[in-house]
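Trainee: Can you read through this structure? Questions will come right after.
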Amino acid sequence: MEEIGALLKEALALHQAGQLLDAAARYEQVLAQAPRQFDALHLLGVVRRQQGNAPEAVQLISQALTINPAQATAHCNLGAALQDLGRSSEALAGYDTALQLNPAYALAWSNRGNALRALGRLPEAVESYNQALRLRPSYPEAWCNRATALLDLGRPEAALESAERALHQKRPYAQAACVRANALFGLRAFDAALRAYDEAIASDARSPEAHAGRGLALMKLERPGEALSSFDTALVLRPQHAEGHRQRADALLALGRREEGVEAYRRARALAQEAGEDTGELDFVLAAIGAGTAPGQAPEAYVKALFDQYAGHFEQHLTQVLGYRTPALIEAALARHVHGADLTAVDLGCGTGLCAPFLRPRSARLVGVDLSERMLAQARATGQYDELACADIGSYLDRHPQAFDLAVAADVLVYFGELDTLFGQVRAALRAGGLFCFSTEALNEGALHKEDFALLPSQRYAHGLAYLERLAARHGFTVLEAQRAPVRSEHGLEIEGDLLVLRAAR
């Protein structure tokens, strides 16, 4: 026993000094003499995790816990190894067990937050980090991971504060510097974000996330040549990263290097496919630049991600950057055709609620539907809606037959190519005599576009007026109004759209 104790003491000293190979050898010597020695099994598992061998770490620590299941530290270390393997639900169970044994275990609370974040349970993750920080306020890693979760929740201002707390406690800290830069990016402070990414790179020049983030900030600052250089550096560090190749493709396209951009998008698609990831968004982007077949509508994941990203500055971007006029056009059209205040109305693709101020006075009940929960959070804050649903608009309409007197879709049909199905769904959800008011981008129905709709390089669909009128007739609508007008601006050019008001047959 004295020899085993001496070996363990020597192994632990080597382990704490970072001499992992020698420490592992001593732990193995202990196990050769005492195969069920808890500390040797547990700590050898910790060494294996540190060496990057998570499967053996799980095996060794699990074996140790069969000997002594009352050790909170071992349950926490098992959770960390399971997390390394992407087994987040099992990792969470390990952390919960550790916390049952030791509720004041700050590391387990913080690691629990990591598992919850990986599972997409972001509010719970933030609360778990908060509990870790209540127990240990000087815990830079928890502040940093909390900042990442807050960013994922669309709260960049709170994330910035959390990342700065991490950096106040530990500097240099490359990961926290990168998260701080991401928060500044989320706040649209792109010059400040660029400087923050440079600080992160100064701390760790081999951080692909920092180089990629720097590239994204440069793209926002309309410096695509420099952005391309940053994306290339990120790909040297992480060559099999599909999103990195997509970012590189975006920069090449902005530089007018279309063929190289198409090649980079295709490389991104191949890598995503190899990883078993959905390629719908990349197929959509390729189709928009004429390098693939256009799908019937934009992928749901693409639309959701786009508007989650826009949620914090959506109205400012539409009104100040795009000169967005669609809500005003719809309001004027409704004033010509709606003269009551007792409608049941549905705002399809309601976003942050730009149409609510003129729909609310006309509605006894107003429902908003959108794919983006972050957009809906903004709409909820207006207090204008009786109900808000996070759903695909077609699926929502299918569940509510003959429920509405008015359906409005402002700048929504640009994410649908084929509209036959949607027109049928709207008609089925409207009561007799109900109105459908919507906008589209106008398709130039000349020599270039003989089809009913087309996917444009802007990654939006344009529709022909004749197509819309045919669909209206097919689904039992009467066209009360169809007008063409500028609906927004893009790169200084006015974009023409069609605004229609249809009445369902009585």
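The values are calculated or read from the model by the stated rules, or taken from the named source; none is laboratory data. Everything numeric here is computed off the predicted structure, so don't read it as measured data. All Cβ positions, glycine included, derive from the backbone under ideal geometry; neighbour counts span all protein chains shown. Areas reflect the complete protein model, heavy atoms only, side chains present, ligands, DNA and RNA absent. Shrake-Rupley method; radii C 1.70, N 1.55, O 1.52, S 1.80 Å.
Trainee: Between residues in segment 284-309 that are of a type in the set (Asp, Glu) and residues that are buried (at least 20 other Cβ atoms within 10 Å of the Cβ) and at pLDDT below 90, which pairs lie under 6 Å by C-beta distance while being six or more apart or on different chains?
Mentor: 308/374
Trainee: On the given criteria, is residue 50 farther than 21 Å from residue 19 by Cβ and modelled with pLDDT of 95 or more?
Mentor: Working: farther than 21 Å from residue 19 by Cβ: no; modelled with pLDDT of 95 or more: yes.
Judged against the criteria, residue 50 is not a match.
Trainee: Which condition number in (1) open to solvent by 30 Å² or more (accessible area, probe 1.4 Å); (2) of a type in the set (Gly, Ala, Ser); (3) in a helix (DSSP H, G or I) is the one that residue 166 fails?
Mentor: Just one mismatch for residue 166, condition (1).
Trainee: Just to be sure I understand, how many residues within segment 81-122 are crowded, with 23+ Cβ neighbours inside 10 Å and among the aliphatic types (A, V, I, L, M)?
Mentor: 8
Trainee: Okay, next question. Read through the list (1) within 19 Å of residue 82 (Cα to Cα); (2) at pLDDT below 95, then give the number of the only condition that residue 5 fails.
Mentor: (1)
Trainee: May I pose another question? When the residues of segment 204-259 are narrowed to those that are closer than 20 Å to residue 291 by Cα and among the small types (Gly, Ala, Ser), which ends up surrounded by the most Cβ atoms within 10 Å (Cβ to Cβ)? Before you say what the answer is, go through the steps one by one.
Mentor: Going through segment 204-259, the residues closer than 20 Å to residue 291 by Cα turn out to be 242-259.
Then keep just the ones that are among the small types (Gly, Ala, Ser); that gives 242, 244, 249, 251, 254, 256.
On the way: 242: 19, 244: 25, 249: 28, 251: 26, 254: 16, 256: 9.
Ranking the candidates gives 249 first.
Trainee: Can you say whether residue 424 is surrounded by fewer than 22 Cβ atoms within 10 Å (Cβ to Cβ), over 22 Å from residue 353 (Cβ atoms), touching a residue at least 40 places away in the same chain (Cβ under 8 Å) and touching a strand residue (DSSP E or B) at 6+ places or on another chain (Cβ under 6 Å), as far as the supplied structure shows?
Mentor: Working: surrounded by fewer than 22 Cβ atoms within 10 Å (Cβ to Cβ): yes; over 22 Å from residue 353 (Cβ atoms): yes; touching a residue at least 40 places away in the same chain (Cβ under 8 Å): yes; touching a strand residue (DSSP E or B) at 6+ places or on another chain (Cβ under 6 Å): no.
So residue 424 fails the test.
Trainee: What number of residues within segment 326-374 satisfy the criterion of being of a type in the set (A, V, I, L, M), within 25 Å of residue 497 (Cα to Cα) and open to solvent by 20 Å² or more (accessible area, probe 1.4 Å)?
Mentor: The qualifying residues number 6.
Trainee: In segment 123-145, which residues are farther than 17 Å from residue 182 by Cβ, in a helix (DSSP H, G or I) and open to solvent by 10 Å² or more (accessible area, probe 1.4 Å)?
Mentor: Passing the criteria: 123, 124, 127, 130, 131, 133, 134, 135.
Trainee: Out of 381, 377, which single residue is under 23 Å from residue 331 (Cβ atoms) and surrounded by fewer than 20 Cβ atoms within 10 Å (Cβ to Cβ)? Step through it out loud before you land on a result.
Mentor: On the way: 377 fails: under 23 Å from residue 331 (Cβ atoms).
Within the list 381, 377, the selection yields 381.
Trainee: When segment 469-506 is examined, which residues are found to be over 22 Å from residue 404 (Cβ atoms), in contact with a Leu (Cβ under 6 Å, 6 or more places away or on another chain) and open to solvent by 30 Å² or more (accessible area, probe 1.4 Å)?
Mentor: 483
Trainee: Sticking with this one: Among the residues of segment 271-293, count how many are open to solvent by 50 Å² or more (accessible area, probe 1.4 Å) and in contact with a strand residue (DSSP E or B) (Cβ under 6 Å, 6 or more places away or on another chain).
Mentor: So the answer is 0.
Trainee: Next up: Just the residues that are closer than 11 Å to residue 181 by Cβ and not in a helix (DSSP H, G or I), please, taken from segment 191-217.
Mentor: Listed by number, the list holds a single entry, 207.
Trainee: Does residue 396 satisfy the criteria of being under 26 Å from residue 300 (Cβ atoms), touching a strand residue (DSSP E or B) at 6+ places or on another chain (Cβ under 6 Å), of a type in the set (Ser, Thr, Tyr) and surrounded by 20 or more Cβ atoms within 10 Å (Cβ to Cβ)?
Mentor: No; evaluated as a whole, the condition is false for this residue.
Trainee: Kindly provide the set of residues from segment 336-380 that are modelled with pLDDT of 95 or more, of a type in the set (Gly, Ala, Ser) and part of a helix (DSSP H, G or I), ordered by number.
Mentor: Within segment 336-380, 356 is the sole residue that qualifies.
Trainee: What pairs come out if I take residues in segment 322-347 that are at negative phi and among the β-branched types (Val, Ile, Thr) and pair them with residues that are modelled with pLDDT of 95 or more and open to solvent by 50 Å² or more (accessible area, probe 1.4 Å) whose C-beta lies under 6 Å away, six or more apart or interchain?
Mentor: Within 6 Å, the pairs are 344/365.
Trainee: For segment 218-259, how many residues meet the condition of being of a type in the set (D, E, K, R) and part of a helix (DSSP H, G or I)? Outline the logic, then answer.
Mentor: Here is the first cut: in segment 218-259, the residues of a type in the set (D, E, K, R) are 220, 222-223, 226, 232, 238, 243, 246, 248, 250, 257-259.
Filter once more, keeping what is part of a helix (DSSP H, G or I): 220, 226, 232, 243, 246, 248, 250, 258-259.
Qualifying residue count for the region: 9.
Trainee: One residue is enough: does segment 100-108 have a residue meeting the conditions in contact (Cβ under 8 Å) with a residue 60 or more places away in the chain and either farther than 30 Å from residue 188 by Cβ or not aromatic (Phe, Trp, Tyr) (or both)?
Mentor: First, pick out the residues of segment 100-108 that are in contact (Cβ under 8 Å) with a residue 60 or more places away in the chain: none.
No, the conditions are met nowhere in segment 100-108.
Trainee: Are there any strands (runs of 3 or more DSSP E) wholly within segment 415-506 with 3 or more residues that are over 30 Å from residue 283 (Cβ atoms) and either in contact with a Pro (Cβ under 9 Å, 6 or more places away or on another chain) or modelled with pLDDT of 90 or more (or both), and if so which? Walk me through how you get there before you give the answer.
Mentor: Values: elements: 430-442, 453-455, 461-463, 477-490, 493-504.
The qualifying strands (runs of 3 or more DSSP E) are 430-442, 477-490, 493-504.
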